[in-house]
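Here's the structure we're looking at; comments come further down.
The values are calculated or read from the model by the stated rules, or taken from the named source; none is laboratory data. The model shown is predicted, which means the values in this text are computed figures rather than measured ones. Cβ coordinates were reconstructed from backbone atoms using ideal geometry, including for glycine residues, and neighbour counts include every protein chain displayed. Only protein heavy atoms, including side chains, enter the accessible area calculation; ligands, DNA and RNA are left aside. Shrake-Rupley method; radii C 1.70, N 1.55, O 1.52, S 1.80 Å.
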Amino acid sequence: MNKKVLYILATIFIIGGILAYNYYQKIFGKAITKEYVLFVNKTDSLLDVKKEIESYSKSPETFLWVAAKKNFSQPKVGRYVLKEGMSNNDLVNMLRSGRQTPLKISFNNQDTLEKFAGRIAEQIEADSISLISSFTEKEFLSKNNFTEKSVLQIFIPNTYEVYWTISPEKFRTKMLVAYKRFWNDSREKKAKELGLTKNEVITLASIVQKETAQNSERPTVAGLYLNRLEKNWPLQADPTIIYAIKQLKGQDYVVKRVLTVDLEINSPYNTYKNIGLPPALISMPDVSAIDAVLNAEDHDYFYMCVNVDKLGYHAFAKSLAQHNRNAEKYHKWLNKKGVNR
């Protein structure tokens, strides 16, 4: 009789142990088989999450079981990094609390606010339309002394850490804070010594950015334009003409060669007809272009054109006669290549 009782008790103990172990494994056991980035949108339910993790979970059904046991029914929107070995309990708690993992977003030089918004919308939840609306909000522009054209300057190309669900307004604020931090005492002092405002430095930097892709050449180009500004000469910067052309014909219009007729375009961005800097930047300059202006090379150059003997660089000149010889060489090269527009 005692043996039978012991046998029954042992059986109950073993069965109970197995049930407890299985129960524990469902909740606290390793469920996620490999690291995975899970995106939860506003319309997603737990069933959508379960379908999404099917290839990365030992038993997706147990995820729903654990969620039900914890009275959890609606995951919070976000970007979540699921780690290998994570339990269903960890996963449910993460989705319940909205404990996202931030991501690093980056952007390079963008010609327009629309292109920039599109680049950012590829990396966060917000769409480009809501981003543009935030960037061009009248109250924001007025408060910070920007226009719909000049606001592009607050976005300094770099890498930033944000949450995928960051709102357009919070993203805008983050960029403005980074912009103000960029303009430290040293940079502000250099701008003042040049007799330029921050807006003017950025505008000139955007022209330098478009004029040359060579970082080593940018201080020389910046110095040339500063020489022209000091003499009250027109900048005669081809990138501003191209900008004006695209304002008329669209951003996808390709301009490989600036023609004489283009120099008559009636635009405040035509630096052949107008003295001084254009009203706002013509593209998003990067840090090297901005610092090239602030640390411009001191020289006597007033002219430049493409150096056909060293493509990608410029031939600089102190006199118009020397420049005309360089320009003639360049135009012959263009004609030989058949570049008409």
- Query: If you roll a 1.4 Å probe over the heavy atoms of the protein chains, what accessible area per residue do you get for the chain, in Å²?
  - Reply: 56
- Message: Cut-off under 20 Å on the C-alpha distance; same-chain residues fewer than 8 positions from Lys332 excluded. Which lysines are left, in chain and number order?
- Response: Lys256, Lys310
- Label-point separation (nm) for Lys34 and Asn93, each offset 7 Å from Cα along Cα-to-Cβ? 2.7
- segment 235-337: projected area of the alpha-carbon convex hull, averaged over directions, in nm²: 7.8
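Where the accessible area of segment 264-341 is counted over protein heavy atoms with a 1.4 Å probe, how much of it, in %, is carbon and sulfur?
Numbers: 2020 of 4280 Å².
Exposed carbon and sulfur together represent 47 percent of the surface.
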- What aspartates and glutamates could a cross-link reach from Lys189, if we take a straight Cα to Cα line under 16 Å and drop same-chain neighbours fewer than 8 places away? Glu200, Asp291
- With +1 on each Lys and Arg Cβ and -1 on each Asp and Glu Cβ, and nothing else charged, work out how big the dipole of the chain is about its Cα centre, in Debye to the nearest 20. 960
- Note on the structure: With -39,500 (n - 2.57) per DSSP H segment of 4 or more residues and division by the full residue count of the chain, the 222 nm estimate, nearest 500 deg cm²/dmol, is -15000 deg cm²/dmol
- Task: Rank these residues by their accessible area, most exposed first, probe 1.4 Å: His331, His323.
- Result: His331, His323
- Message: If I fit a long axis through the Cα atoms of helix 2-28 and take the longest principal axis of the Cα atoms of the chain, what angle between them do I get, 0 to 90°, rounded to 10?
- Response: 10
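Return the subset of Lys149/Lys273; Lys76/Lys180; Lys115/Lys170; Lys143/Lys198; Lys210/Lys273; Lys83/Lys174 for which the Cα-Cα distance in this structure is over 23 Å, preserving the input order. Numbers along the way, then the final one.
On the way: Lys149/Lys273 21 Å; Lys76/Lys180 33 Å; Lys115/Lys170 19 Å; Lys143/Lys198 16 Å; Lys210/Lys273 19 Å; Lys83/Lys174 28 Å.
Check vs 23 Å cut-off fails for Lys76/Lys180; Lys83/Lys174.
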- Message: Using alpha carbons only, how many angstrom separate the centre of segment 124-144 from the centre of segment 279-341?
- Response: 35
- So how do 250-258, 277-285 stack up, highest first, on mean other-Cβ count within 10 Å? 277-285, 250-258
- Query: Long-range amide H contacts for Ile166: which residues qualify at under 5 Å (H placed 1.01 Å from N, peptide plane, sequence gap of 5 or more or a different chain)?
  - Reply: Glu125
- Note on the structure: Placing +1 on each Lys and Arg Cβ and -1 on each Asp and Glu Cβ in the chain, then taking the dipole about the Cα centre, the residue among Trp333, Pro279, Ser45 whose Cα reaches farthest towards the positive end is Ser45
- Query: How much length is gained on full extension from Ser55 to Lys332, taking 0.36 nm per residue of separation minus their Cα-Cα distance?
  - Reply: 93.5 nm
- If amide H atoms are built 1.01 Å from N in the plane of the peptide, which residues on other chains or at least 5 residues away come under 5 Å of the amide H of Ser57? Thr33
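Please report the carbon-and-sulfur percent of the accessible area for segment 78-232; probe 1.4 Å, protein heavy atoms only, DNA, RNA and ligands left out. If you can, show how the numbers build up before the last one.
Numbers: 3310 of 7360 Å².
With neighbouring chains kept in place, the figure for segment 78-232 is 45 percent.
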- May I ask for the percentage of alpha-carbon pairs in segment 68-131 that lie more than 19 Å from each other? 49
